[in-house]
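**Q** Mind having a look at this structure? Questions to follow.
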Amino acid sequence: VWLDTFDDVLSFVRDHPTIFVSHQWLGRREPDPEGVHFPAIVAAAESICERFDLAESDIYLWLDYSSIPQRNKTLQTLSINSLPVYSSVVRFFVCVCPPATHADTGKEVGADAYQQRGWCRLEQLAHVTVAGYSNMYLYDGELRDIDHRGPWIDQTLRVLEGDFTDESDRAKMVDPVIGLWALAISVR
(Lines give C-alpha, C1' and ligand atoms only; values in the text may rest on other atoms or scores of the structure.)
Protein backbone atom coordinates (compact mmCIF):
# COMPACT_ATOMS: atom_id res chain seq x y z
CA VAL A 1 0.00 0.00 0.00
CA TRP A 2 1.43 3.38 -1.03
CA LEU A 3 0.29 6.50 0.85
CA ASP A 4 1.48 9.72 -0.75
CA THR A 5 0.03 12.41 1.52
CA PHE A 6 -0.63 12.87 5.21
CA ASP A 7 -4.37 12.87 4.48
CA ASP A 8 -3.93 9.52 2.72
CA VAL A 9 -2.18 8.16 5.82
CA LEU A 10 -4.91 9.44 8.16
CA SER A 11 -7.66 8.03 5.98
CA PHE A 12 -5.95 4.66 5.68
CA VAL A 13 -5.26 4.18 9.41
CA ARG A 14 -8.78 5.31 10.26
CA ASP A 15 -10.22 2.55 8.05
CA HIS A 16 -7.60 -0.19 8.54
CA PRO A 17 -6.15 -1.48 11.83
CA THR A 18 -2.45 -0.75 11.44
CA ILE A 19 0.43 -1.78 13.70
CA PHE A 20 3.65 0.21 13.78
CA VAL A 21 6.43 -2.24 14.66
CA SER A 22 9.30 -0.55 16.47
CA HIS A 23 12.43 -2.63 17.00
CA GLN A 24 16.16 -2.46 17.43
CA TRP A 25 18.04 -3.80 14.42
CA LEU A 26 19.92 -6.98 15.25
CA GLY A 27 22.61 -6.40 12.62
CA ARG A 28 24.30 -3.36 11.11
CA ARG A 29 23.29 -4.16 7.52
CA GLU A 30 20.02 -5.99 8.04
CA PRO A 31 17.39 -5.82 10.75
CA ASP A 32 16.90 -9.50 11.59
CA PRO A 33 19.81 -11.63 10.32
CA GLU A 34 18.99 -14.65 12.52
CA GLY A 35 15.20 -14.44 12.12
CA VAL A 36 14.52 -13.61 15.78
CA HIS A 37 12.19 -10.66 15.24
CA PHE A 38 10.03 -12.19 12.52
CA PRO A 39 8.27 -14.75 14.77
CA ALA A 40 8.03 -12.15 17.55
CA ILE A 41 6.31 -9.70 15.17
CA VAL A 42 3.92 -12.43 14.03
CA ALA A 43 3.13 -13.40 17.64
CA ALA A 44 2.60 -9.75 18.64
CA ALA A 45 0.23 -9.20 15.70
CA GLU A 46 -1.67 -12.40 16.57
CA SER A 47 -1.99 -11.23 20.17
CA ILE A 48 -3.43 -7.90 19.06
CA CYS A 49 -5.89 -9.67 16.76
CA GLU A 50 -6.99 -11.89 19.62
CA ARG A 51 -7.24 -9.06 22.15
CA PHE A 52 -9.26 -6.80 19.83
CA ASP A 53 -11.19 -9.50 17.94
CA LEU A 54 -9.63 -8.57 14.60
CA ALA A 55 -9.14 -10.84 11.62
CA GLU A 56 -5.47 -11.35 10.77
CA SER A 57 -6.26 -10.57 7.13
CA ASP A 58 -7.45 -7.08 8.16
CA ILE A 59 -4.22 -6.07 9.91
CA TYR A 60 -1.56 -3.93 8.24
CA LEU A 61 2.01 -3.64 9.52
CA TRP A 62 4.37 -0.72 9.21
CA LEU A 63 7.85 -2.19 9.53
CA ASP A 64 10.86 -0.04 8.73
CA TYR A 65 12.89 -2.34 6.51
CA SER A 66 9.97 -3.38 4.33
CA SER A 67 8.17 0.00 4.49
CA ILE A 68 11.19 2.14 3.57
CA PRO A 69 12.94 1.96 0.18
CA GLN A 70 16.34 0.33 0.67
CA ARG A 71 18.11 0.88 -2.69
CA ASN A 72 17.19 4.47 -3.59
CA LYS A 73 19.06 6.53 -0.98
CA THR A 74 17.10 9.74 -1.66
CA LEU A 75 13.75 8.01 -1.16
CA GLN A 76 15.19 6.16 1.81
CA THR A 77 16.18 9.41 3.54
CA LEU A 78 12.79 10.98 2.85
CA SER A 79 11.05 7.88 4.17
CA ILE A 80 13.19 7.75 7.31
CA ASN A 81 12.29 11.38 7.94
CA SER A 82 8.61 10.38 7.84
CA LEU A 83 8.97 7.81 10.65
CA PRO A 84 7.41 10.10 13.27
CA VAL A 85 4.38 10.66 11.03
CA TYR A 86 3.58 6.97 10.68
CA SER A 87 4.35 6.04 14.27
CA SER A 88 2.20 8.88 15.57
CA VAL A 89 -1.08 8.01 13.87
CA VAL A 90 -1.33 4.21 13.77
CA ARG A 91 -3.91 2.45 15.91
CA PHE A 92 -1.39 0.08 17.51
CA PHE A 93 2.26 0.65 18.42
CA VAL A 94 4.36 -2.37 19.40
CA CYS A 95 7.92 -2.32 20.72
CA VAL A 96 9.23 -5.71 19.58
CA CYS A 97 12.24 -6.65 21.67
CA PRO A 98 12.60 -10.34 22.48
CA PRO A 99 15.90 -11.46 23.99
CA ALA A 100 18.49 -11.80 21.22
CA THR A 101 22.16 -11.34 20.38
CA HIS A 102 23.28 -8.56 18.05
CA ALA A 103 24.92 -10.24 15.04
CA ASP A 104 27.78 -7.73 14.76
CA THR A 105 28.53 -6.68 18.33
CA GLY A 106 27.75 -9.97 20.07
CA LYS A 107 25.91 -7.99 22.78
CA GLU A 108 22.74 -9.31 24.33
CA VAL A 109 19.75 -7.17 23.39
CA GLY A 110 16.15 -7.04 24.57
CA ALA A 111 13.79 -4.52 26.12
CA ASP A 112 16.49 -2.60 28.01
CA ALA A 113 18.79 -2.30 24.98
CA TYR A 114 15.84 -1.37 22.76
CA GLN A 115 14.87 1.45 25.10
CA GLN A 116 18.36 2.93 24.91
CA ARG A 117 18.14 3.41 21.12
CA GLY A 118 17.49 7.00 20.01
CA TRP A 119 15.47 6.02 16.93
CA CYS A 120 13.25 3.73 19.04
CA ARG A 121 12.69 6.55 21.52
CA LEU A 122 11.72 8.94 18.70
CA GLU A 123 9.15 6.51 17.29
CA GLN A 124 7.64 6.09 20.75
CA LEU A 125 7.64 9.82 21.48
CA ALA A 126 5.78 10.51 18.23
CA HIS A 127 3.11 7.95 19.11
CA VAL A 128 2.71 9.16 22.69
CA THR A 129 2.50 12.81 21.59
CA VAL A 130 -0.34 12.23 19.12
CA ALA A 131 -2.13 9.05 20.27
CA GLY A 132 -1.21 8.86 23.94
CA TYR A 133 -0.40 5.62 25.71
CA SER A 134 -3.45 3.64 24.66
CA ASN A 135 -2.75 0.70 22.38
CA MET A 136 1.00 0.97 23.02
CA TYR A 137 2.60 -2.37 23.79
CA LEU A 138 5.86 -4.13 24.55
CA TYR A 139 6.42 -7.59 23.08
CA ASP A 140 9.31 -9.52 24.61
CA GLY A 141 7.74 -12.96 24.50
CA GLU A 142 4.32 -11.76 25.56
CA LEU A 143 2.26 -8.69 24.69
CA ARG A 144 2.08 -6.22 27.57
CA ASP A 145 0.84 -2.67 27.93
CA ILE A 146 3.57 -0.05 28.20
CA ASP A 147 3.72 1.27 31.76
CA HIS A 148 3.36 4.98 31.15
CA ARG A 149 4.16 5.98 34.71
CA GLY A 150 7.56 4.37 35.09
CA PRO A 151 11.11 4.85 33.90
CA TRP A 152 10.24 3.47 30.43
CA ILE A 153 8.36 6.63 29.46
CA ASP A 154 10.89 8.86 31.23
CA GLN A 155 13.53 7.40 28.88
CA THR A 156 11.22 7.74 25.87
CA LEU A 157 11.05 11.48 26.44
CA ARG A 158 14.86 11.72 26.32
CA VAL A 159 15.30 10.99 22.61
CA LEU A 160 18.51 12.98 22.24
CA GLU A 161 20.12 11.10 25.13
CA GLY A 162 19.58 7.79 23.34
CA ASP A 163 22.25 5.67 21.68
CA PHE A 164 22.89 6.03 17.94
CA THR A 165 25.02 3.76 15.78
CA ASP A 166 25.72 6.74 13.54
CA GLU A 167 26.38 9.70 15.83
CA SER A 168 25.26 12.15 13.12
CA ASP A 169 21.71 10.80 13.57
CA ARG A 170 21.46 12.61 16.91
CA ALA A 171 21.45 15.97 15.10
CA LYS A 172 18.77 14.64 12.73
CA MET A 173 16.49 14.13 15.73
CA VAL A 174 16.44 17.79 16.78
CA ASP A 175 13.81 19.04 14.32
CA PRO A 176 11.38 16.12 14.84
CA VAL A 177 11.70 16.37 18.63
CA ILE A 178 11.11 20.14 18.59
CA GLY A 179 8.12 19.62 16.30
CA LEU A 180 6.66 16.94 18.59
CA TRP A 181 7.13 19.11 21.67
CA ALA A 182 5.47 22.05 19.88
CA LEU A 183 2.58 19.77 18.94
CA ALA A 184 2.31 18.45 22.49
CA ILE A 185 2.06 21.87 24.10
CA SER A 186 -0.33 23.22 21.44
CA VAL A 187 -2.78 20.33 21.87
CA ARG A 188 -2.77 20.11 25.64
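**Q** Between F6 and Q116, what is the spin-label point distance in nm, taking each point 7 Å from the Cα along the Cα→C-beta axis?
**A** Between F6 and Q116, the label points sit 3.5 nm apart.
**Q** Sticking with this one: Can you run phi through the Karplus equation (6.51, -1.76, 1.60; θ = phi - 60°) for segment 24-32 and list ³J(HN,Hα) in whole Hz, with x for Gly and Pro?
**A** Per residue, the Karplus-derived 3J(HN,Hα) values read 8, 4, 9, x, 6, 9, 8, x, 9 Hz.
**Q** So if each residue of separation counts as 0.36 nm, and I subtract the Cα-Cα distance between D154 and D175, what length gain in nm does that give? Each step should come with its number before you reach the end.
**A** On the way: separation 21, 0.36 × 21 = 7.56 nm, distance 1.99 nm.
5.6 nm is the gain from fully extending D154 to D175.
**Q** Shape verdict for segment 94-188, please, from the Cα gyration tensor: rounded (a/c under 1.5), prolate (a/b greater than b/c) or oblate. Working shown, then result.
**A** Values: a/c = 2.68, a/b = 1.25, b/c = 2.15.
Verdict is oblate for segment 94-188.
**Q** Per residue and in cubic angstrom, what volume does the convex hull of the Cα atoms of the chain have? Could you put the intermediate results ahead of the total?
**A** Values: hull volume 23.6 nm³, N = 188.
Cα-based convex hull of the chain, divided per residue, equals 125 Å³.
**Q** Moving on to the next point. What distance in nm separates the two pseudo spin-label positions at I80 and K107, each 7 Å out from Cα along the beta-carbon direction?
**A** 1.9 nm
**Q** Specify whether the C-alpha gyration tensor of segment 1-96 places it in the rounded, prolate or oblate class, a ≥ b ≥ c being the square roots of the eigenvalues: rounded for a/c under 1.5, otherwise prolate if a/b is larger than b/c and oblate if not.
**A** Numbers: a/c = 2.25, a/b = 1.09, b/c = 2.07.
It comes out oblate by the Cα gyration axes.
**Q** Quick one: which residues, 5+ away or cross-chain, put their amide H under 5 Å from the amide H of F20? H built at 1.01 Å from N.
**A** Those qualifying (amide H under 5 Å, at least 5 residues apart or on another chain) are W62, F92, F93, V94.
**Q** From the square roots a ≥ b ≥ c of the eigenvalues of the alpha-carbon gyration tensor of segment 110-162, which class results: rounded (a/c under 1.5), prolate (a/b over b/c), or oblate? List each step's numbers first, then the result.
**A** Working: a/c = 1.69, a/b = 1.11, b/c = 1.51.
Here segment 110-162 falls in the oblate category.
**Q** Between R144 and A182, what is the label-to-label distance in nm when each label sits 7 Å out along the Cα-to-Cβ direction?
**A** In this crude label model, R144 to A182 measures out at 3.7 nm.
**Q** While we're looking at this one, here's another question. Express the relative contact order of the chain as a whole percentage, based on alpha carbon pairs under 8 Å and six or more residues apart in sequence. Show your work: numbers first, answer last.
**A** On the way: 259 pairs, mean separation 43.4, N = 188.
It rounds to 23 percent for the chain.
**Q** While we're here: In debye, nearest 20: dipole of the chain around its Cα centre with unit charges on the Cβ of K, R (+) and D, E (-)?
**A** So the magnitude is around 500 debye.
**Q** Here is a further query. Hey, any idea what % of the chain's accessible area is carbon plus sulfur with a 1.4 Å probe? Working shown, then result.
**A** Working: 5420 of 10470 Å².
On the chain, the fraction of accessible area on carbon and sulfur atoms equals 52 percent.
**Q** Let me ask something else. Before I look further, what does the chain give for accessible area per residue, probe 1.4 Å, in whole square angstrom? Please report the intermediate quantities before stating the final value.
**A** Working: 10470 Å² over 188 residues.
Each residue of the chain exposes 56 Å² on average to a 1.4 Å probe.
**Q** Going toward the positive end of the dipole of the chain, with +1 on Lys and Arg Cβ and -1 on Asp and Glu Cβ, which of L83, V177, F12 do you reach last?
**A** V177
The values are calculated or read from the model by the stated rules, or taken from the named source; none is laboratory data. The structure displayed is predicted, hence computed values, not measured ones. In this analysis, Cβ positions are derived from the backbone assuming ideal geometry, glycine residues included, and neighbour counts consider all displayed protein chains. What goes into the accessible areas is simple: the full protein's heavy atoms, side chains included, and nothing from ligands, DNA or RNA. Shrake-Rupley method; radii C 1.70, N 1.55, O 1.52, S 1.80 Å.
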